[in-house]
Each structure stands twice: as C-alpha cells, then as structure tokens.
Amino acid sequence: MIECKDIVKIYTNGGVETAVLKGVSFSIKKGEFVAIMGPSGSGKSTLMHILGALDTPTSGEYKLDNHDVSSLSDNELADIRRNKIGFVFQSFNLLSRATVLRNVTLPLVYAEVGADKRRPLVEKALRSAGLDEDRWSHKSNQLSGGQMQRVAIARALVNNPSIILADEPTGNLDTATGEIVLGTFQQLNRDHQHTIILITHEPYVAQHADRIIHIQDGKILSDKKNDQKRIVHSHPEL
C-alpha cells in the first residue's frame, strides 16, 4: 500500500539548508498497524506530513496504492487527502458548537456525497469508533476528551479511507482514556482491516501497534515487529 524509497526532506531558511529526513525507506502493507516513533526533532512529524499528502519530499519516491505521490500538484494532493487518508489529531479538531453527527458528516459534504446517502455512513462510522448512540446529538463541547477523540476517529472513517493516520492521538488524554482509544484503533485494525499509522513519541503508546518504526535524526534507527504488543481486550464506552 505504502512504499517510501530514499525520502529526503530539506528545508531552507535564510539560505541555510536543514535536512530533516535523510534517506528514509520502508513499506507498509494493507491492513498493518504500524507505529512511527521518535523524539521531538527526529523527523517523524515531517514524515507524517509526507505520508498524509500534506507535503512532498525534496527527493525520493513515495507511492500510495501504486501511485507516485512525490510530485503531485496541490489539487492532486488534496484529492489524495480527501479520498484515501483519514486523519486523527491530538487536538481533535472538531467544531465545538456542532453536534457529533454534524462533525462526522462534514467530510461527506466536502466529498459531495448525496444528502440521502450520508446518514447511514455517519452511523456506521460512529458505531465503528465505539461512541454510544445517546451521545450523537450532543455538541462536541459537551463531551469528554475520550468521547471527542472517538468522534474524531469516526470522522476519519466516514469516507472509508485506505489509511488512518493518527498523530499523537492520546496526547491530550489521561492514561486510562488513552488506553481505551488505542484499543479502538486495535479493534478497527483487527475487525475491519483498516491500515493504521500511529505517530508518537511515547514507547508505551507505540507498544499497541504490531510493528514499530523508530526514527531518529532523520533516519530509521530500527524497523521491527512488536513481539511485546500491548492488547486492549475491551471496547468500553467512555
């Protein structure tokens, strides 16, 4: 599904060049749950932007579903983001005064899905994300942090993307709530075969994935199967 070959990203500021990614290569198969882990300044956020079609590499090749994303135009990158990638962010990025249903519906509106087809897709996404139905009419500012993150997960799922890209998704949650949210990702991967890429700086969070790519100083330090995976067995309501 994803193939990165010798990805280099160089930023120029005031005539000074800074190499943030220095020849990164790896592949991710459909249905994998992969954590990309590294400290602040390691290059993981830059790599996330490239994987999410928010940026392009200075050199190297990034293929998604056998299509070369490396040199696409801004409009073509926007199409990739809309149709192939579901984003889940640390800060949730929900409309605070809109209902849960409205927040999850918006990507379908932008994708010009017919009004008569939206509700079943929204309900399916919310159930997959594990948010209890009695919360669906609440405004997002009436929800707990864990509930808001489940709304964000549902919003990421609603267009049936090829990839869910989660950037520090537990960063604003307490440990117990974060564990439940990570369990939601595991269930989506296990039961629905969603490909999930988890960006994190925390080893504990990365332990929930099947494979961990460790990046440091713009290079891959290790890329290993996670033999000590932490499994969340339940999918409780928050």
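For region 145-215, the gyration tensor built on C-alpha atoms gives an oblate shape. Its axis ratio a/c (a ≥ b ≥ c) is at least 1.5, and a/b is not larger than b/c. For region 58-164, the direction-averaged projected area of the alpha-carbon convex hull comes to 7.7 nm². Comparing mean-square fluctuations of P107, P39, P120 from a GNM of the chain with C-alpha springs under 10 Å, the top value falls on P120.
Secondary structure note: in the chain, about 55% of the DSSP beta bridges are antiparallel. For region 86-182, the list of trypsin sites (Lys or Arg not before Pro) that fall in a loop by DSSP and count at most 13 other C-beta atoms within 10 angstrom reads R97.
Put in line by how crowded their Cβ is, counting other Cβ atoms within 10 Å and starting with the fewest, V205, V8 read V8, V205. Among L95, L173, L126, the largest mean-square fluctuation in a Gaussian network model of the chain, built with springs joining Cα atoms closer than 10 Å, belongs to L95. By the count of other C-beta atoms within 10 Å, a proxy for reagent exposure, S70, S42 are ordered fewest to most as S70, S42. Across region 158-172, computed HN-Hα scalar couplings (Karplus, 6.51 cos²θ - 1.76 cosθ + 1.60, θ = phi - 60°) run 5, 8, 6, x, 5, 9, 9, 10, 10, 9, 6, x, 9, x, 9 Hz from first to last residue, x flagging Gly and Pro. For Rg/Rh (Cα atoms, Kirkwood Rh), the listed values are [x] 0.97; [y] 1.10; [z] 1.12; which was obtained by calculation from the structure presented? It is the one labelled [x].
For the residues T18, T175, T56, a GNM of the chain with alpha-carbon springs under 10 Å puts the largest fluctuation on T18. Using the Kyte-Doolittle scale, find the helices of the chain whose mean hydropathy is at least -0.5 and whose Cα atoms extend 24 Å or more along the helix's long axis, counting only whole DSSP H runs. Span-like helices, by this rule, are 175-192. Can you grab the distance from the C-alpha centre of region 136-208 to the C-alpha centre of region 30-55, Å, no decimals? Taking the Cα centre of each part, region 136-208 and region 30-55 sit 16 Å apart.
Values quoted throughout were computed directly from the atomic coordinates according to the rules given, and no laboratory measurement underlies them. Given the structure is predicted, the values throughout are model-derived calculations rather than measurements. All Cβ positions, even for glycine, are placed from backbone atoms using ideal geometry, and neighbour counts span all protein chains on display.
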